[in-house]
Amino acid sequence: MRLWIPAIRGPRVYFAGGQSKGLEEIPGKEEVRAMTTNSLWPTHEKSEEQHRREICTAGKWMYDRGFIVACEGNISVRLDENRVLSTPTCMNKGMLEPQDLVITNLEGRQLAGERKLSSEIGMHLLFYRMRPDVNAICHAHPPTATGFAAAGRSLNQALLPEVIIGLGQIPLVRYATPGTPELSDAIEPFVPHYDALLLANHGAVTCGPDLLTAFFRMETIEHFAKIVLSAELAGGPVLLSGREVAKLMAARARYFVTPPPGGGAELPETNDTGESSGAHVSLTRNELDALIDEAVRKDRARR
């Protein structure tokens, strides 16, 4: 059964395959799934009150899924060009109320809220300053993915088409003390190029144009980490080829995936490179586009 996810744009407007439609335009409209107050809307166009409720919902989702425990993790959304709404420190993010959240400016000065600001807000603000396309950040410690980070391993293998299309790869950022400028310094080179990062001995951070996307990317990291671990226990993962990766990257637009604006991201490790070769290829956006065009042309010629 196909599910149609309603948008925030109005009571009769819904998202269908990435495009908004009126309810009367949707085939099988009786299948429309109603959103509740415990849901995240797939857009950033919301009031501050709605953002507050959704941050609390996302915190509960992360807590219920075991991505965070106790007072771990933090979530934020961009309210406007100079204000950010975020979770406070020293509170369980699965048990927050909307009034617990705090507002800061992009320099990290607290503007509103009675709770204390998280020491890791600098990591969030770095994304917002460098990425105008980013409106939400999730930071958590999903156990399997964090296990890879603690083992000094990125999630950079070309294994699942959905992960390649959605994220490319998830690189590992060197360890830096949480809540310090050192962490922002370590993350900064990756911010323009990736939407999901593993933080060595620490956890993971994801960003998105809205909170639902940022949350889904965190969920994808943990799901992918579990599959990689299972593949290794089952005898070893079988990687896709560079040609297959190029075709998947070319298909991103078809799935309404917009890559990070920085370009230059490393491609996932394929069976053409392998760990033994030690090859890590970094491409500019133009070079990647040329590679994709060539791969698609050759694939069509073989048919």
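The values are calculated or read from the model by the stated rules, or taken from the named source; none is laboratory data. None of the values given here were measured: they were computed from a predicted structure. In this analysis, Cβ positions are derived from the backbone assuming ideal geometry, glycine residues included, and neighbour counts consider all displayed protein chains. When the accessible area is computed, the model is the full protein with side chains, heavy atoms only, and any ligands, DNA or RNA have been set aside. Shrake-Rupley method; radii C 1.70, N 1.55, O 1.52, S 1.80 Å.
This table checks each residue for (1) at pLDDT 95 or above; (2) surrounded by fewer than 19 Cβ atoms within 10 Å (Cβ to Cβ).
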site: Thr43; (1), (2): no, yes
site: Glu48; (1), (2): yes, yes
site: Asp64; (1), (2): yes, yes
site: Ser76; (1), (2): yes, no
site: Ser86; (1), (2): yes, no
site: Asn92; (1), (2): yes, yes
site: Glu97; (1), (2): yes, yes
site: Leu125; (1), (2): yes, no
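In the set Gly18, Gly22, Gly59, which member is modelled with pLDDT under 95, touching a Lys or Arg at 6+ places or on another chain (Cβ under 6 Å) and small (Gly, Ala, Ser)? Working first, answer last.
Working: Gly18 fails: touching a Lys or Arg at 6+ places or on another chain (Cβ under 6 Å); Gly59 fails: modelled with pLDDT under 95.
On inspection, the qualifying residue turns out to be Gly22.
Could you please let me know if Ile227 is more than 14 Å from the chain's Cα centre (by Cα), closer than 21 Å to Arg65 by Cβ and of a type in the set (Val, Ile, Thr)?
yes
Among the residues of the stretch 228-259, which ones are modelled with pLDDT under 95, in a loop (DSSP other than H, G, I, E, B) and open to solvent by less than 80 Å² (accessible area, probe 1.4 Å)?
Across the stretch 228-259, the qualifying residues are Ala251, Arg252, Val257, Pro259.
Quick check, is Ala265 at pLDDT below 95, open to solvent by 60 Å² or more (accessible area, probe 1.4 Å), under 29 Å from Asp80 (Cα atoms) and small (Gly, Ala, Ser)? Break it down into steps so the answer makes sense when it comes.
On the way: at pLDDT below 95: yes; open to solvent by 60 Å² or more (accessible area, probe 1.4 Å): no; under 29 Å from Asp80 (Cα atoms): yes; small (Gly, Ala, Ser): yes.
Spelling it out, it is not the case that Ala265 is at pLDDT below 95, open to solvent by 60 Å² or more (accessible area, probe 1.4 Å), under 29 Å from Asp80 (Cα atoms) and small (Gly, Ala, Ser).
State which residue is least open to solvent (accessible area, probe 1.4 Å) when the search covers only the stretch 196-221 and only residues that are part of a loop (DSSP other than H, G, I, E, B) and closer than 19 Å to Ser86 by Cα. Lay out the reasoning, then the answer.
Narrowing the stretch 196-221 to residues part of a loop (DSSP other than H, G, I, E, B): 200-202, 209-210.
Pick out the ones that are also closer than 19 Å to Ser86 by Cα and you get 209-210.
Values: Pro209: 61, Asp210: 16 Å².
Checking each candidate, the answer is Asp210.
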